[in-house]
Every structure is written in C-alpha cells, then in structure tokens.
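A.B. asks: Please see the structure below; I have some questions.
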Amino acid sequence: MAALWKNAPYDVFVDWDARLAREMPFFRGLFEEVGVKRLLDAGCGSARHAIEFAKMGIEVIAFDPSEDMLASARENALAAGAPIRLEQGVFEEARRFVDAPVDAVLSLGNGLPHVDGVEGLRRALAAFESVLAPDGVLVLHLVNHERLSRGNVRAFPPKFRSTPEGDFVFLRVIDRVEGAFVFNFITLSRPPVSEGPGLPDPADADAAPWTLDDRRSRHTAMPPTVLAEELARAGFGTVEMFGDHDRKPLDEAQDESVIVVARR
Ligand SMILES: C[S@@+](CC[C@H](N)C(=O)[O-])C[C@H]1O[C@@H](n2cnc3c(N)ncnc32)[C@H](O)[C@@H]1O
C-alpha cells in the first residue's frame, strides 16, 4: 500500500471540488477588491489553490517544505497547465522567494500552526509582512484553537473515501499539551475491493487487509486572541476574523475554522 501514499494522501483526504467551490468566491471577491496581481502562497501543499489563482491571471509564487507535497504540487500544476513558481522552504524564509512585493500573502489550510511556538509565529508574520506591498493583504486560514480548548475537542469527525486506488479512513485525534495541540493523523487504507483477477472478493468485507499509517504533528496554540496580538505586533493595524468563507463574523466558541484578513 505504501506506493498509494507517496503523493496522493492530502489530495485524497481533501474533497477539493467541494472545498474550492466553498472558498474561491471569497478569494475572487477579496482579490478584486485589493487588486491582487502577484501573490505568495506560503505552505501551498498540493497547490490546488495556487492553480486556481494562476488561472485567474495572477502571478503566483508558492512554497512548501514538504518534498511529497511539492511533488503533488508540480504534478497538479503540470496537469492544469498553470504557470506557478514552486519553491521549497518554511514560512520564515518567505523573503527568499520574493524579489518584488506581493499584493497578497496566504497561509491556508491550517499550515501556520506548524511554526515553532509563539516565537515561530512572530518570525513567520514578520516575514509575511516584509514581502507585502503597502496596500497588500494577508490571509490566514486555520483551525480555531479556542473552540478546541473551550470544548475540550479531542477528535474531528472521521472521513471516508472510496477511490479507484483503494478505500481510506482518515481520523484526526487531538491531544492538548503545554502551549500546543498534538494532532494524530491516523489513516487506514486498503486496496480496492472489486471483482477481477488478484483482487479481494467483494463478498468478503474483510478480505482486503487494512494498513494503518499514523503521523503526529505539533501545532502551536494560536487562539484568535493570540493571533490578534501577534498580528498587531507585526504591523497589521486592521484585522478582520471570520468563521467561514462567506465572511460570517467569527464565533470563537463555535466555529471550526478562523479566517483572518489583515492589512497594515
Ligand atoms: C494541511 S496542509 C495545507 C496545504 C494548503 N495550503 C491547503 O490549504 O490545502 C499544511 C501545509 O503546511 C506545510 N508546512 C508545514 N510546516 C510548514 C512551515 N514551517 N512553513 C511552511 N509550510 C509548512 C505542510 O508541508 C503542508 O503542506
């Protein structure tokens, strides 16, 4: 099963059609309002947003530290015929990839909490600020840590995917530790169960063996109050926080995600 996982897991995990349908009107509206011509997608993952932005005629620079994510990103960009500049690196290195100011910096899909503590968050925000044009905009999209703390949330609902390559069950279990959340990503996968030579018998539900993969990731706690404080410290004087991509004002106790739009 390992081969299945080389480049595919994130794009199997995310229902991209649904996600882009939900999120892209928000970006289109904001980018039009700001007049975004060049942007930096920090922690771009498999570049699915970056590809959409490039299709809008925006010059896109995108980076990510993960070789596997970048491999997916290159493959996706090539398949879409989208001209994106892809680089390898971490948030605090943003300046390395930008030779002229950008109109927008984005950190989407819960990438930002991967920084190393509040110091790491400060370095990341300082790097983002330094590459932004004077009227540029910073957009952050991350899990709402306030909801996790207040509700003692220990897990997200499981996700099931049945694909031609096999079946997948994704579980995310959360542990709270000092100043951070440890996300345990547990993935169960099995080969396709269908009729054909060498394939497990579909009549026997347990015929295909499940393989378990688990990965832990430490996420620095950054509830909205910390984000607001650190954004102000980094020079962002105007900060809006939403609970969804329809710009619903954030309900710190209830909303699963925080979407931040920050300007100087
Ligand atoms: C859940 S994915 C989100 C990808 C994409 N932005 C999205 O919205 O779908 C989080 C990404 O953050 C990247 N990442 C982790 N640590 C990072 C760091 N220190 N700097 C930049 N990106 C990082 C990971 O490699 C991963 O691709």
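A.B. asks: Who wins for biggest fluctuation among ALA80, ALA54, ALA42 in a Gaussian network model of the chain, springs between alpha carbons below 10 Å?
C.D. replies: In the Gaussian network model the winner is ALA80.
A.B. asks: Just to be sure I understand the model, the point goes 7 Å from the Cα along the line to the Cβ. What's the resulting VAL182 to SER217 distance in nm?
C.D. replies: That separation, rounded to one decimal, is 1.6 nm.
A.B. asks: Could you tell me whether the stretch 1-99 comes out rounded, prolate or oblate from its Cα gyration tensor? Rule is a ≥ b ≥ c as square roots of the eigenvalues, rounded for a/c under 1.5, then prolate if a/b exceeds b/c, otherwise oblate.
C.D. replies: Oblate shape, in that a/c is at least 1.5 and b/c is the bigger or equal ratio.
A.B. asks: Sticking with this one: Test of understanding: in a Gaussian network model of the chain with alpha carbons linked when under 10 Å, which of PHE128, PHE181, PHE13 would top the mean-square fluctuation ranking?
C.D. replies: Per the Cα network of the chain with a 10 Å cutoff, PHE13 tops the list.
A.B. asks: In whole percent, and with a 1.4 Å probe on the protein chains, what portion of the accessible area of the chain is carbon and sulfur?
C.D. replies: Carbon and sulfur atoms account for 52 percent of the accessible area of the chain.
A.B. asks: Cα gyration tensor of the stretch 206-264, axes a ≥ b ≥ c as square roots of the eigenvalues: rounded (a/c below 1.5), prolate (a/b > b/c) or oblate?
C.D. replies: prolate
A.B. asks: With θ set to phi - 60° and the Karplus curve 6.51 cos²θ - 1.76 cosθ + 1.60, what are the ³J(HN,Hα) couplings of the stretch 152-167 in order, to the nearest whole Hz, using x for Gly and Pro?
C.D. replies: Result, rounded to whole Hz: 6, 6, 10, 7, 9, x, x, 10, 10, 9, 10, 10, x, 7, x, 9.
A.B. asks: From the square roots a ≥ b ≥ c of the eigenvalues of the alpha-carbon gyration tensor of the stretch 129-169, which class results: rounded (a/c under 1.5), prolate (a/b over b/c), or oblate?
C.D. replies: Oblate shape, in that a/c is at least 1.5 and b/c is the bigger or equal ratio.
A.B. asks: At 0.36 nm per residue, minus the direct Cα-Cα distance, what do ASP175 and LYS159 gain on full extension? Give it in nm, one decimal, please.
C.D. replies: Computed gain between ASP175 and LYS159 is 3.9 nm.
A.B. asks: Moving on. Over the chain, with a Gaussian network built from C-alpha contacts below 10 Å, which listed residue (GLU178, GLU52, GLU240) shows the highest mean-square fluctuation?
C.D. replies: GLU178
A.B. asks: Using only the alpha carbons, work out the radius of gyration and Dmax of the stretch 42-83 in angstrom.
C.D. replies: 9.2, 26
A.B. asks: What is the extension gain from ALA80 to ALA253, computed as 0.36 nm multiplied by their sequence separation minus the C-alpha to C-alpha distance, in nm to one decimal?
C.D. replies: Separation in residues times 0.36 nm, less the Cα-Cα distance, equals 58.4 nm.
A.B. asks: Give me the accessible area per residue for the chain, probe 1.4 Å, as a whole number in Å².
C.D. replies: That works out to 48 Å² for each residue.
A.B. asks: Could you tell me how many cubic angstrom of Cα convex hull volume the stretch 45-135 has per residue?
C.D. replies: It is 91 Å³ per residue.
A.B. asks: Need one number: convex hull volume per residue for the chain, Cα atoms only, in Å³.
C.D. replies: 132
The values are calculated or read from the model by the stated rules, or taken from the named source; none is laboratory data. Quantities reported herein were computed from a predicted structural model and do not represent experimental measurements. Glycine also receives a Cβ, built like all others from the backbone with ideal geometry; neighbour counts cover every protein chain displayed. Note: accessible area is taken over every heavy atom of the protein model, side chains too, but ligands, DNA and RNA are not part of it. Shrake-Rupley method; radii C 1.70, N 1.55, O 1.52, S 1.80 Å.
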